[in-house]
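Written below as structure tokens is the structure these notes are about.
The values are calculated or read from the model by the stated rules, or taken from the named source; none is laboratory data. Predicted, not measured: the structure shown is a model, and the values here were computed from it. Cβ atoms come from the backbone with ideal geometry, glycine included; neighbour counts cover every protein chain shown. Quick note on the areas: whole protein, heavy atoms, side chains included, nothing else; ligands and nucleic acids left out. Shrake-Rupley method; radii C 1.70, N 1.55, O 1.52, S 1.80 Å.
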Amino acid sequence: MRWYVIRRVAWAAVVAFVILTITFLFLEITPDQQVAQLQFQAAQSGGDPEAALDAYEQRRGLNQPLWDRYTEYVTNYVQGNWGWSDTRSEPVLDAIVASLPYSIMYSAPSIVISTVVGMGIGLYSALNQYTKTDYAATFVAFFGISIPNFWFGIMLLLIFGETLGWFPIIFQTSIADTQTFSLANLRQLFLPIVVLSTGAIAGNMRYARAEALEYVRAEFVKTARAKGATGWRMLSRHILRPTLVPLSTLLVGDLLGLLLASSLLVEVVFGIPGVGRLSYDAIINQDTDLVLGTVFIPVFISVVGNLLQDIAYTVLDPRISYGDR
Amino acid sequence: MSDPLISVKNLHTQFHTDDGTVRAVDGIDVDVSRGETVCIVGESGSGKTVTSESITKILQMPPGDIPIGEVQFRDVESVRELADQFPKRVFDVHEDDAPGTAGTDVPPEEDRPGDEKHFVIVEERSGDRISRGYIDMVRAPDNALRKIRGGDIAHIFQNPQSALNPVYTVGWQIVEAVQLHSDDDDEAARERAIDLLDRVGIPDAAARFDDYPHEFSGGMKQRVIIAMALASNPDVLIADEPTTALDVTIQAQILDLLAEIQEDLGMAILFITHDLGVVAEIADRVVVMYAGKVMESGEVFDLFESPAHPYTRALLECLPGRGGDMVSIGGSLPSVTNPPDGCRFAPRCPHAVDDCFTGDQPPMYSVEGADQEVSCVFYGDGYDESVVQTEFAAAQNRTARTDGGRTTGRRAGTDTDESVRSDGGDR
């Protein structure tokens, strides 16, 4: 087991390294907007565009050999030096670290809620297949999957924020900073959590239902019933437990989806200064280093997530051997 | 005590599907007495498995449903225990002298005692103690059945590959079975489980306790399942084709093991199979099922010596290695969503006459001079039963020759169910 984990971790490092290399190559072949701008300015003011380019490359260290720049780039990333954000005038890592808590504040509860509620409803649905409650759950699931998050967010803001006034429209960082675990903070995070959870609950529910259905009909569940197992024991030990093996794959997708696509939309709509918003602003303002930094977060989450998933597999399913891989 | 331990009476098990109601079991009677081995035989789809799973209601409900019928389980210990546990759901047949019996003013449905909520039926008391009675498994709720399932009536299944939960060790699964029906602590349950594994012939049982099912071969898994079934010394073991998925050498070992255990523990076995060779080896009594109905039942020697129903004859002639012609029964099982009138086997029966295509399945007639009952019109009044007591294959050939030009409705093997049904209706 320990060897297996060590090998998996080493493999994750290799993957991260490969990703770093590919992004470096992409950056290399991307035309630099700032150079074009500098050269244009130099030409306009009667200067030499070539000299401006040289000066720019000199300043940025771009005149060094490709290999040197590559090693420096990788070393910097490994050391936590992720570059300088021009728009925010601070190191990229600082900007990310500053915005991460706001993202976690609503995404962590959302992940927990969607996993627990989604799996719960899915299991219930599987056990009561083709009943009214099953149909109702299916309807809710399709609603959650179909509705676009940004539109749903705006609608919720309009109804519960503007018309009814139950929840604040503007996210106040001061409340989030000073009273993180307070009712006031929960109130302003409530709608984002709802928006993010609906989609994720729906997805989880459908997966859990499909997987559990497979096990509800399994021969070994019949064996358990013939043994005299009923109720909660039946559900948790004989249906839920084997269902966890395929469902553990959902974990990574969940984290990624929440932190990448949905959180960007939700943060923009609700005005939360989290990682999604940071990434969005960086892209709009062409702050290359910051874009890279925010893109690496989901990349590393997926690498770590896959690692956790592989380990979870071996813990959950005894048929998967970790000896010879 | 002459009462059978399990009596299945007029059992109807149906499945509600989009294509209509599948009448998988359509009114059958089976009795199993203490210590005896009863075999239910029939081809695939005849309702054997559904019958076996209806007894303890381990089939999926819904879509499964038992609208009519009764499964009586006559174990006085269990009756007393459940009568104490569910006092409001006890029905005393002698209602006059039964104090505190609820719902006696409700007229009983059909001829069953009590109403829908009564499932503990008390027939006799000696003093305060119940001395005769039964539990109606069909009406019993899940929380009452859970004591009986695995405790008094245990199951083993056809496919050992999938009957064990892959994520738990075999030890865990046997311990669960032990602890569900006893107050044993973990240590005692573990010892009991190892004893059981040892008993069913798992070598080095203590070492294999912590192994997972995928580390066992098919035959060994079936042994583990048998060990699990024996966890609380059941009165009845329901074995649903336990040897079908195993290779022949292992089959014999498993059958020997079952016979040995039966002798040791004196339990009854209800054995479901399509293998007549197995039946001949282990059965005391045989029930022949076809399309959800009982065709014939009887003592094993009588039934093999003088099969009364044409279907039984046909089945026996399908058996390879008997020296004579090996035949197959032409045609296929009738539709179970919309079964034909009359005898279910009539469309494939070379002896079928007009009466075979009308009314319901013929009643069970006793066969003279044998411990046998048969559902065939030829054993009723006005018919000569010797007509059907010829070789099925010969009869099939003869009918094919002489009836060559006639309507094909009665000839075996050439018709679909539809045309047979409409033919039958026209006559």
Open item on the list: Students sometimes get this wrong: rank B:124, B:299 by accessible area, probe 1.4 Å, all chains present, largest first.
Closed with: B:124, B:299
TODO: Report residue A:320's accessible area, 1.4 Å probe, all protein chains in place, as a number in Å² to the nearest 10.
DONE: 40
Task: Long-range amide H partners of residue B:37 with built H, under 5 Å - done: B:269, B:284, B:285
- [ ] Give, ordered by residue number, each residue of the stretch B:57-83 whose 1.4 Å probe accessible area is reduced by a minimum of 20 Å² on adding the remaining protein chains to the chain alone.
- [x] B:58, B:60
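How many Å² of accessible area per residue for chain A, probe 1.4 Å?
On the way: 17390 Å² over 325 residues.
In whole numbers, chain A has 54 Å² accessible per residue.
First compute the accessible area of the stretch B:241-336 with a 1.4 Å probe, then give the percent of it belonging to carbon and sulfur atoms.
On the way: 1910 of 3790 Å².
Ligands and nucleic acids excluded, carbon and sulfur give 51 percent.
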Task: With all protein chains modelled, accessible area of residue B:303 [1.4 Å, Å²] - done: 0
TODO: Excluding residue A:39 itself, calculate the net charge of residues whose Cβ lies under 15 Å from the Cβ of residue A:39, where each Lys or Arg counts +1 and each Asp or Glu counts -1.
DONE: -3
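Let me check something: with ligands and nucleic acids excluded, how do B:88, A:227, B:117 order by accessible area (1.4 Å probe), largest to smallest? List each step's numbers first, then the result.
Details: B:88 155, A:227 15, B:117 80 Å².
From most exposed to least exposed: B:88, B:117, A:227.
For the protein assembly as shown, what is the percent of antiparallel DSSP beta bridges, rounded to the nearest 5? Spell out each step's value before the answer.
Values: 38 of 60 bridges.
Taking every DSSP beta bridge with both residues in the protein assembly as shown, the antiparallel ones total about 65 percent.
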TODO: Only Cα pairs under 8 Å and at least 6 apart count here; give the relative contact order of the stretch A:133-212 as a rounded whole percent.
DONE: 45
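In the stretch A:2-86, what percent of the accessible surface is made up of carbon and sulfur (1.4 Å probe, ligands and nucleic acids excluded)? Mind dumping the intermediate values first?
On the way: 3770 of 6040 Å².
Accessible surface attributable to carbon and sulfur in the stretch A:2-86 totals 62 percent.
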TODO: With a 1.4 Å probe and every protein chain left in place, work out the accessible area per residue of the stretch B:162-233 in Å², rounded to a whole number.
DONE: 38
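Count charges around residue A:126 for me, please; just the other residues with Cβ under 11 Å from its Cβ, Lys/Arg as +1, Asp/Glu as -1.
Numbers: positive: A:206, A:209, A:217; negative: A:134, A:211, A:214.
Charge balance near residue A:126 sits at 0.
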Open item on the list: Checking buried surface per residue: for the stretch A:197-225, which residues lose a minimum of 30 Å² accessible area in the protein assembly relative to the chain alone (1.4 Å probe)?
Closed with: A:219, A:220, A:222, A:223, A:225
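What 222 nm value per residue comes from the helices of chain A, counting each DSSP H run with n ≥ 4 as -39,500 (n - 2.57) and dividing by all residues, nearest 500 deg cm²/dmol? List each step's numbers first, then the result.
Numbers: 15 runs with 236 residues, N = 325.
After summing the helix terms and dividing by residue count, I get -24000 deg cm²/dmol.
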Task: Relative contact order [Cα under 8 Å, 6+ residues apart], chain A, whole percent - done: 24
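Rounded to the nearest 20 Debye, what is the dipole magnitude of the protein assembly as shown about its Cα centre when Lys and Arg each give +1 and Asp and Glu each give -1 at the C-beta? Don't skip to the end; give the middle numbers.
Numbers: 58 positive and 103 negative charges, 466 e Å.
So the dipole magnitude of the protein assembly as shown works out to roughly 2240 debye.
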- [ ] Calculate how steeply helix A:132-146 sits against the longest principal axis of the alpha-carbon atoms of chain A, using the helix alpha-carbon long axis, and give the answer as 0 to 90 degrees to the nearest 10.
- [x] 10
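Viscosity 1.002 mPa s, temperature 20 °C: give me the Stokes-Einstein translational D for the protein assembly as shown in µm²/s, with Rh taken as the Kirkwood radius over C-alpha pairs. Numbers along the way, then the final one.
On the way: Rh = 31.9 Å.
Roughly 67 µm²/s, to the nearest whole number.
For the full complex of protein chains and a 1.4 angstrom probe, list B:275, B:115 by accessible area with the highest value first.
Details: B:275 55, B:115 25 Å².
From most accessible down to least: B:275, B:115.
Using a 1.4 Å probe and counting only protein heavy atoms, how much accessible surface gets buried when A and B come together, both sides summed, in Å² to the nearest 100? All intermediate terms of the calculation are to be shown ahead of the outcome.
Numbers: alone 18560 and 19060 Å², together 35340 Å².
Using a 1.4 Å probe on protein heavy atoms, the buried area is about 2300 Å².
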Open item on the list: Just to confirm the number: angle between the C-alpha axis of helix A:183-216 and the first principal axis of chain A, 0 to 90 degrees, nearest 10?
Closed with: 50
Open item on the list: Students often check this: by mean Cβ neighbours within 10 Å, which of B:221-232, A:90-101 ranks highest, and how do the rest follow?
Closed with: B:221-232, A:90-101
- [ ] Could you state the angle between the C-alpha long axis of helix A:288-316 and the longest principal axis of the C-alpha atoms of chain A, as a value from 0 to 90 degrees rounded to the nearest 10?
- [x] 30
